[in-house]
Structures are given as C-alpha cells and as structure tokens.
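What follows is a single structure, written as structure tokens, with notes after it.
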Amino acid sequence: MIAQIGLSILLGGIMIYAWAEYSRAPAIGLIAMLVAAAGLYFVWLPKHATWLAAQAGVGRGVDLILYVWVAINLLVILNLHLKLRTQMELITALAREIAIVNARSPSTMR
C-alpha cells in the first residue's frame with residue numbers, strides 16, 4: 001500500500017508537469033499524461049497488468065511494464081541524441097559563418 005501511494009504521488013507529479021508542458025509541446029505533454037495515467041491504472045490494478053502480460057506472452061505484469069519502459073527510454077535517448085547532433089551541426093555552421101565574416105585578408109594582418 002505504501003508503494004502504491006508513493007508511486008501515485010510520483011505519477012501525479014508527472015501528470016502535473018505534463019499538463020504544464022502541454023502548451024509548449026502538445027504531443028509530448030499528451031503522451032506523458034497518457035503514460036502516467038496508464039501507470040496509475042496499473043499501480044492500483046496490478047492484476048490487469050498481469051493479464052495484459054499473459055496476453056502478450058510475458059510472464060508477469062511487472063516484466064511487461066519494465067520492457068515497455070526500456071523501449072520508451074531508448075526512444076527518448078535516440079530522440080535526444082538526434083536533437084543534440086542537429087544542434088551541434090547548427091553551431092558548427094554558425095561558427096564557420098562567423099569565421100568567414102571576420103576573416104582578414106593577409107595584407108591587413110600586419
């Protein structure tokens with residue numbers, strides 16, 4: 001019961017954060033709210049997670065939830081990596097442009 005209350009508080013906090021972020025990134029906010037709501041559902045009705053796991057061919061509901069969590073985390077990490085890579089490419093392009101604009105000809109370097 002203590003674990004259910006603690007997890008509910010954490011998932012409730014995630015839902016509040018997702019609601020606050022919804023205006024900036026609607027897709028991410030909506031997905032986060034749905035995942036947190038599903039988490040709350042399975043925290044309070046763990047037998048449903050076990051049933052769903054059995055339907056998916058996984059032994060326990062906890063295992064299924066962990067597998068899905070790992071898959072979501074891998075997608076998030078891939079998304080962050082691609083965004084960081086794009087940012088680094090943009091910074092490199094901007095640095096090149098600044099270097100070209102500020103370049104001096106050999107005669108003016110004396």
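At-a-glance table
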| item | result |
| --- | --- |
| Residue in region 50-71 that is within 13 Å of the chain's Cα centre (by Cα), in contact (Cβ under 8 Å) with a residue 12 or more places away in the chain and surrounded by 10 or more Cβ atoms within 10 Å (Cβ to Cβ) present | no |
| ASN102 vs. criteria surrounded by fewer than 13 Cβ atoms within 10 Å (Cβ to Cβ), out of contact with any Phe, Trp or Tyr (no Cβ under 7 Å at 6 or more places or on another chain) and under 27 Å from GLY12 (Cβ atoms) | no |
| Residues (hydrophobic (A, V, I, L, M, F, W, C), assigned to a helix (DSSP H, G or I) and either over 24 Å from LEU45 (Cα atoms) or in contact with a helix residue (DSSP H, G or I) (Cβ under 8 Å, 6 or more places away or on another chain) (or both)) located in region 4-29 | LEU7, LEU11, ILE14, MET15, ALA18, TRP19, ALA20, ALA27, ILE28 |
| Flag if ALA38 is part of a helix (DSSP H, G or I), within 20 Å of the chain's Cα centre (by Cα), surrounded by 10 or more Cβ atoms within 10 Å (Cβ to Cβ) and of a type in the set (A, V, I, L, M, F, W, C) | yes |
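Each reported figure results from applying straightforward, stated rules to the coordinates on display, with no laboratory input. Here the structure is a predicted model, which means the values were calculated and not measured. Note that each Cβ is placed from the backbone with ideal geometry, even for glycine, and that neighbours are counted across all protein chains shown.
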